[in-house]
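The structure appears right after this line, and notes come after that.
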Amino acid sequence: MVGALLFGIDHVVAARKDDPHLIVLGPEVDKEARTLFRDAKGREPSDAEMNTLRERWVDNEVLYREGVSLRVDQGDSAIRERVIFKALNVVQANLQPPKIDDATLRAWFETNRAKYGELARLDFLEAVLVGDASDDAVNGFVAALNRSASQGEAKGGLRVFKGRPRDNIVASFGGEFTAALEKSPLGTWRALSAKDGLHVVRLDAVKATETVSFDTVRGEVLQDWRDEQLMELRRRAVRDVGRKYTVKRIEAAK
């Protein structure tokens, strides 16, 4: 989750001393945000994800300054995350999620049904072609694999994906690749386009999604709904506190 990433490096000590109500969002924040995201997700963040990361950094800075003003730092201003955590506890102390009736909770469950039950899982192989990776070479590799597995596999390495959840495949290879893989005939090698290029794969098995009824997971659904509501209430509370601050964005030099 993007929102869960915390920023550890303190970039704005001087700005706090000059004007405690001015928050400077500089290029060093973007640099750290990209590094944190890349380390956590294994890819570069999108523009929308970068905006979320910047908002998270500003929220953290607001909480840090509020924590210092409330003296929850206890003289240890170097431990940024601890001060943020204590300030957040103060902000959210009186927050309570609203009441919800069964009909509304059931509707929320239907909207978020994909979170519950057993997600679809796929077994597939990927044959890695060594050397020439042109379209002609890949297509020839696929044809060789389908004629004789041993002949084709001798030219490259083999990766085994067993019981891989569908959403995991989407994250690794992309939605277009996953949809094409699901529709592939079992036991047939194909060259499928993924977000990083062509992949030669063979679908071996599909375990369909196992759905569950609302009544079976009602307790879990209610807790998830409450968590979501509290997260939104916390976000609003922090933004309300943050109104006393001015955020100044400084772009990186071209």
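Taking the residues in region 97-113 that are closer than 18 Å to Met231 by Cβ and touching a residue at least 24 places away in the same chain (Cβ under 8 Å) as candidates, determine which candidate is surrounded by the fewest Cβ atoms within 10 Å (Cβ to Cβ).
Pro98
Considering only residues of region 184-198 that are assigned to a strand (DSSP E or B) and not aliphatic (A, V, I, L, M), which is modelled with the lowest pLDDT?
Step by step, filter region 184-198, then rank; the result is Gly197.
Among the listed residues Arg202, Arg249, Arg236, Arg226, which satisfies the condition of being touching a Ser or Thr at 6+ places or on another chain (Cβ under 9 Å) and at negative phi?
So the residue among Arg202, Arg249, Arg236, Arg226 that is touching a Ser or Thr at 6+ places or on another chain (Cβ under 9 Å) and at negative phi is Arg202.
Among all residue pairs at least 6 apart or on different chains, which show Cβ distances below 9 Å where the first residue, located in region 43-70, is outside the structural domain of Gly174 (by TED's automatic domain parsing) and the second is small (Gly, Ala, Ser) and outside any helix (DSSP H, G or I)?
As it stands, the answer is Tyr64/Ser77; Val68/Ser77, since those pairs meet every condition given.
Just checking, does region 214-228 include any residue being part of a loop (DSSP other than H, G, I, E, B) and either surrounded by 14 or more Cβ atoms within 10 Å (Cβ to Cβ) or more than 21 Å from the chain's Cα centre (by Cα) (or both)?
yes
In this structure, is Gly140 surrounded by 11 or more Cβ atoms within 10 Å (Cβ to Cβ) and on the phi > 0 side of the Ramachandran plot?
So Gly140 does not fit the description; no.
Tell me which residues, restricted to region 222-254, are basic (Lys, Arg) and farther than 16 Å from Lys99 by Cβ. Spell out the reasoning first.
If we filter region 222-254 for residues that are basic (Lys, Arg), which is where we start, we get 226, 234-236, 239, 243-244, 248-249, 254.
Within region 222-254, Arg234, Arg235, Arg236, Arg239, Arg243, Lys244, Lys248, Arg249, Lys254 meet the criteria.
Kindly evaluate Phe124 against the criterion of being in contact with a Phe, Trp or Tyr (Cβ under 8 Å, 6 or more places away or on another chain), among the aromatic types (Phe, Trp, Tyr), modelled with pLDDT of 85 or more and under 22 Å from Thr178 (Cα atoms). Full working, then the answer.
Working: in contact with a Phe, Trp or Tyr (Cβ under 8 Å, 6 or more places away or on another chain): yes; among the aromatic types (Phe, Trp, Tyr): yes; modelled with pLDDT of 85 or more: yes; under 22 Å from Thr178 (Cα atoms): yes.
Spelling it out, Phe124 is indeed in contact with a Phe, Trp or Tyr (Cβ under 8 Å, 6 or more places away or on another chain), among the aromatic types (Phe, Trp, Tyr), modelled with pLDDT of 85 or more and under 22 Å from Thr178 (Cα atoms).
Would you pick out the residues in region 203-213 that are in contact with a strand residue (DSSP E or B) (Cβ under 8 Å, 6 or more places away or on another chain) and exposed (fewer than 12 other Cβ atoms within 10 Å of the Cβ)? Please lay out each step first, then the result.
Of all residues in region 203-213, those in contact with a strand residue (DSSP E or B) (Cβ under 8 Å, 6 or more places away or on another chain) come to 203-207, 209-210.
Result: Glu210, single match.
Restricting to helices (runs of 4 or more DSSP H) lying wholly in region 1-117: which have 1 or more residues that are at pLDDT 85 or above and acidic (Asp, Glu)?
27-41, 47-69, 102-111
From the residues in region 233-249 that are surrounded by 12 or more Cβ atoms within 10 Å (Cβ to Cβ) and not basic (Lys, Arg), which one is nearest to Glu182 (Cα to Cα)?
Out of the qualifying residues, it is Leu233.
So which residues in region 199-226 are at pLDDT 90 or above and either in the same structural domain as Glu44 (by TED's automatic domain parsing) or within 30 Å of Ala143 (Cβ to Cβ) (or both), if there are any at all?
Matches in region 199-226: His199, Val200, Val201, Arg202, Leu203, Asp204, Ala205, Val206.
Residue by residue through region 133-153, note down the ones that are of a type in the set (A, V, I, L, M), at pLDDT 75 or above and either under 12 Å from Arg202 (Cβ atoms) or touching a strand residue (DSSP E or B) at 6+ places or on another chain (Cβ under 8 Å) (or both).
Listed by number, the residues that qualify are Ala133, Ala137, Val138, Val142, Leu145.
Please verify whether Ala171 is modelled with pLDDT under 90 and surrounded by fewer than 17 Cβ atoms within 10 Å (Cβ to Cβ), treating the condition exactly as stated.
yes
Name the single residue, out of those in region 202-216 being in contact (Cβ under 8 Å) with a residue 24 or more places away in the chain and small (Gly, Ala, Ser), that is farthest from Gly117 (Cα to Cα). So that I can check it myself, show each step before the final result.
Kept after step one, since they are in contact (Cβ under 8 Å) with a residue 24 or more places away in the chain, are these residues of region 202-216: 202-212, 214.
Now narrow it down to the ones that are small (Gly, Ala, Ser): 205, 208.
Values: Ala205: 19, Ala208: 11 Å.
The extreme case among them is Ala205.
The values are calculated or read from the model by the stated rules, or taken from the named source; none is laboratory data. Quick caveat: nothing in here was measured; it's all calculated off a predicted structure. FYI the Cβ positions are ideal-geometry reconstructions off the backbone, even for glycines, and counts take in every protein chain you see.
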